[in-house]
1. How large is Rg/Rh for the stretch 73-180, to two decimals, with Cα atoms and a Kirkwood Rh?
2. Regarding the stretch 1-143, what are the three Cα extents along the principal axes, ordered largest first, in Å?
3. Going by average Cβ density within 10 Å per residue, which order do the peptides 228-239, 169-180, 245-256 take, highest to lowest?
4. Take every Cα pair under 8 Å in the chain that's 6+ residues apart, average their separations, divide by the length, and report that relative contact order as a whole percent.
5. What is the order of Arg146, Arg75, fewest Cβ neighbours within 10 Å to most?
6. Which net charge results when you count Lys and Arg as +1 and Asp and Glu as -1 among the other residues whose beta-carbon is under 11 Å from that of Trp153?
7. Between Val102 and Tyr247, with labels modelled 7 Å along Cα→Cβ, what's the label distance in nm to one decimal, could you check?
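Values in this text are rule-based calculations from the coordinates and carry no lab data. These numbers come from a predicted model, not from an experiment. Heads up, the Cβs are rebuilt from the backbone with ideal geometry, glycines too, and the neighbour counts pull from every protein chain shown.
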Amino acid sequence: MTVFHLLLVAIVQGITEFLPISSSAHLILAPKVTGSIDQGPLIDVAVHVGTLVAVLIAFRRDVAEAFIGVFDLARGRFATAAARLARNLMIATVPLVILGLVFHEIGAMDWMRSDENGRAFKIIGWTTLIFGVLLYIADTYAPTRRTLEGTGWGEALLVGLAQAVALIPGTSRSGITMTAARFLGLSRTEAARFSMLLAIPAIMAGGTIGALDIVESGNAQLGVDALIAAGLSCIAALVAIKLFMGYIAEATMTPFVVYRLILGVVLLGVAYL
């Protein structure tokens with residue numbers, strides 16, 4: 001891959017991973033729009049790992065608290081705020097891991113990103129529209145009545161089930177987890193915090209699978225390309241996280257909904273017309 005292509009993929013991933021507009025959709029669409037060769041799922045994983053490093057840096061205090069929570073749970077101290085945070089993150093990750101392994105084994109991801117009969121554009125178009133509307137409803141009408149630490153295990157599981165749906169391109173992992181969290185009564189800031197912390201185990205799981213695939217492929221150049229892409233996406237993601245968290249503390253998700261609606265209509269127009 002050329003440096004320009006790697007830079008394009010890294011910036012797209014870094015900016016879109018934590019915004020409710022679907023990074024996977026943009027990673028699939030980028031080569032189709034620019035006429036470049038599809039970077040493939042392994043480079044996709046690499047840029048996700050770059051964003052993992054970014055979120056670890058940006059939310060290092062929450063990450064430290066979650067680690068403390070793991071030890072609290074191991075010692076039977078279930079009532080601490082750290083333990084509840086760790087518990088919620090673990091429970092919400094389980095559905096994604098299970099469904100992700102299933103999709104990986106049956107080749108579902110490659111099937112959904114295929115150009116056959118305009119499949120990728122149709123899937124991304126519909127999911128972009130549908131989950132964009134749900135995001136608007138949740139963000140506009142859902143009450144705010146709890147914090148992340150005050151969220152029960154059952155509610156964390158619901159967010160996790162929603163996150164698993166994001167394996168379908170165009171859904172947006174951050175978008176659907178924030179939507180579910182808002183429906184459950186978390187504020188925009190708390191919903192975004194939960195979503196970004198959930199990205200850590202989610203990307204770790206995907207990154208592990210991707211790393212094993214790179215080793216099995218024996219493609220050393222692909223490994224170098226992956227490292228470059230990961231570093232560039234980390235920088236882009238750090239900037240995006242900072243700007244997004246500052247924005248939602250004062251404003252609504254409506255601009256992202258409008259973007260999703262426009263993108264969805266355009267994609268469906270291309271796919272069906």
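1. Rounded to two decimals, Rg over Rh is 1.07.
2. Largest first, the stretch 1-143 extends 54, 38, 32 Å along its Cα principal axes.
3. In decreasing order of mean packing, 228-239, 169-180, 245-256 become 169-180, 228-239, 245-256.
4. 36 percent
5. In increasing order of surrounding Cβ atoms, one gets Arg75, Arg146.
6. +1
7. Inter-label distance under the simple model: 3.4 nm.
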